[in-house]
Amino acid sequence: MIKVHFTSALSRFFPNLKTIEVDASTIPEVLESVEIQYPGMKSFLLDDSGNLRKHVNIFIGEEMGNLHSEITPGDDLFVFQALSGG
Amino acid sequence: MIFLFFKRCLVVKIRIGTSKGLVTYENGIEMSCQYPGLNVTAFHNDFVAIAHKHWGAKLFRSGIPVSAPVFPQGSKTVSGQAANLRQIWHIKEGGEKYPNRLWIATEPGALFRSDDLGESWKIVEGLWNHPTRINGQHWFGAGKDLPFIHSIIVHPENNDCIYVSVSCAGIFKTMDSGLTWEIMNDGMRAEYLPNPKPVAGYDPHQVLMHPKHTNVLWQQNHCGVYRSTNGGAQWDELSKQYGFCIAIDDQEPDEAWIIPVENETSRIPTNRRLQVLRTRDSGISWEDTSNGLPKTPFYGIVLRNGLVKKGRFMAFGTTNGNVYCSDDKGKTWQCLTTNLTKVNYISF
């Protein structure tokens, strides 16, 4: 299982948002599971082309990753917003 | 005096879409701020569009996120990049014939249609694949990286007849709800191009149709103020005045208001003076109707969709967060607030 943590900034759009555990072997699979639990979330993280939005960061543990990063069961995956306010 | 003015405006509700929320005033008092901190780019009834730096362009209905238009996989912008929704500029109802229909105009410049009140959206391929966009270099950005569509007009008597305005490309009209599109650029100038009379490449900043005399259209264009009396088939240049917004009277087809901007590079009010000009004779003459507006130097301007008129009531919001109102068709103005941020969109 992968534990998925979200930035609290997403709570205003998804009021029931909380850390979830999903069964997935790739990050796209993680996002598909997230979308099922929080419909519409994928469009917040990915653009129309399916790429990670420019100002969205994904970390696996403490390492910044991307949609192609490898994950293994037991990993913590963090969805953060990039700092853009200076 | 202020009390009396707002007393007369008791029934008037003004909704102001700003870069930091959707603020509603009634009777001169701020009643609510919805979507605080979010950049509200357009709204229509209970639909509200925002552009978010992190999460992208989003659409809400009564505060709940709903499906926004999505560009089909493989769609390319005019510069060859993957097309991704950047901003929703305009939301419009389909008219009496199509009670479940909504239109949305976007950047990159596309039109989307929903026939289920926003549950799902389809790109209007007839416009997206228009030869002027696909084959040439007639569509390009103006103040934005990419061309965008900012004005949708649904003909009140024939809801299959739609006009859209593209900055930059020009004005396009469909008579079949979007299947085919006709270019409506005759008479306009594009003085920023080597050929100022191209097929497309024009910059109509805001275009309005008279609600009763539907053959009469007005536009504030990058290159001046234009009017058409034959449904946009031919445009007459009335003034070379630069600006973004225009309002027209809902009775008199010859009456319109503009808020001048100095030029495209400075983007401040002409002579640093916030000024409203009115014509009652189709642009032959313009009179200053700025009574009540600041007389000191002013640096904010009014963007397209930043000026609204309904009957005798008018209101506009500036890029520096001021809002002014009139209840006598612009003869006199009162300051509603100076405390907002950039006003993107205003509506009664």
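The values are calculated or read from the model by the stated rules, or taken from the named source; none is laboratory data. Because the structure is a prediction, the values reported are computed rather than measured. Every residue, glycine among them, receives a Cβ derived from its backbone with ideal geometry; neighbour counts consider all protein chains shown.
For region A:45-78, what are the residues that are within 14 Å of chain B (Cβ to nearest Cβ) and touching a strand residue (DSSP E or B) at 6+ places or on another chain (Cβ under 7 Å)? A:Leu45, A:Leu46, A:Asp47, A:Ser49, A:Leu52, A:Arg53, A:His55, A:Val56, A:Asn57, A:Ile58 - these are the residues of region A:45-78 that are within 14 Å of chain B (Cβ to nearest Cβ) and touching a strand residue (DSSP E or B) at 6+ places or on another chain (Cβ under 7 Å). Scanning region B:174-191 for residues that are in a strand (DSSP E or B) and among the aliphatic types (A, V, I, L, M) yields a single hit, B:Ile183.
Just one residue in the set B:Ile171, B:Ile152 is surrounded by fewer than 23 Cβ atoms within 10 Å (Cβ to Cβ), in a strand (DSSP E or B) and among the β-branched types (Val, Ile, Thr); that residue is B:Ile152. There is at least one residue in region B:321-328 that is surrounded by 15 or more Cβ atoms within 10 Å (Cβ to Cβ), part of a loop (DSSP other than H, G, I, E, B) and not acidic (Asp, Glu). In the set (1) surrounded by 15 or more Cβ atoms within 10 Å (Cβ to Cβ); (2) within 14 Å of chain B (Cβ to nearest Cβ); (3) part of a loop (DSSP other than H, G, I, E, B); (4) not β-branched (Val, Ile, Thr), A:Ala24 fails one condition alone, (2). Per the listing B:Ile171, B:Ile123, B:Ile134, the residue uniquely modelled with pLDDT under 95 and either farther than 19 Å from B:Gln81 by Cβ or among the β-branched types (Val, Ile, Thr) (or both) is B:Ile134. Being within 11 Å of chain B (Cβ to nearest Cβ), among the hydroxyl-bearing types (Ser, Thr, Tyr) and not in a loop (DSSP other than H, G, I, E, B) is the filter here, so list the residues in region A:27-44 that pass it. Once the filter is applied, which keeps residues that are within 11 Å of chain B (Cβ to nearest Cβ), among the hydroxyl-bearing types (Ser, Thr, Tyr) and not in a loop (DSSP other than H, G, I, E, B), region A:27-44 yields only A:Ser43.
Conditions (1) modelled with pLDDT of 95 or more; (2) assigned to a strand (DSSP E or B), marked per residue:
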| position | (1), (2) |
| --- | --- |
| B:Leu4 | no, no |
| B:Lys7 | no, no |
| B:Pro36 | yes, no |
| B:Val40 | yes, yes |
| B:Phe43 | yes, yes |
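Taken over region B:80-99, the criterion of being more than 14 Å from B:Trp128 (Cα to Cα) and either within 11 Å of another protein chain (Cβ to nearest Cβ) or surrounded by fewer than 18 Cβ atoms within 10 Å (Cβ to Cβ) (or both) is satisfied by B:Gln81, B:Arg86, B:Glu96, B:Lys97, B:Tyr98, B:Pro99.
Residues in region B:100-118 that are assigned to a loop (DSSP other than H, G, I, E, B), away from every other protein chain (no Cβ under 14 Å) and not polar (S, T, N, Q): B:Arg101, B:Gly109, B:Asp115, B:Asp116, B:Leu117. Restricting B:Pro211, B:Pro194 to residues that are without any contact (Cβ under 8 Å) to a residue 12 or more places away in the chain and part of a loop (DSSP other than H, G, I, E, B) narrows the list to B:Pro194.
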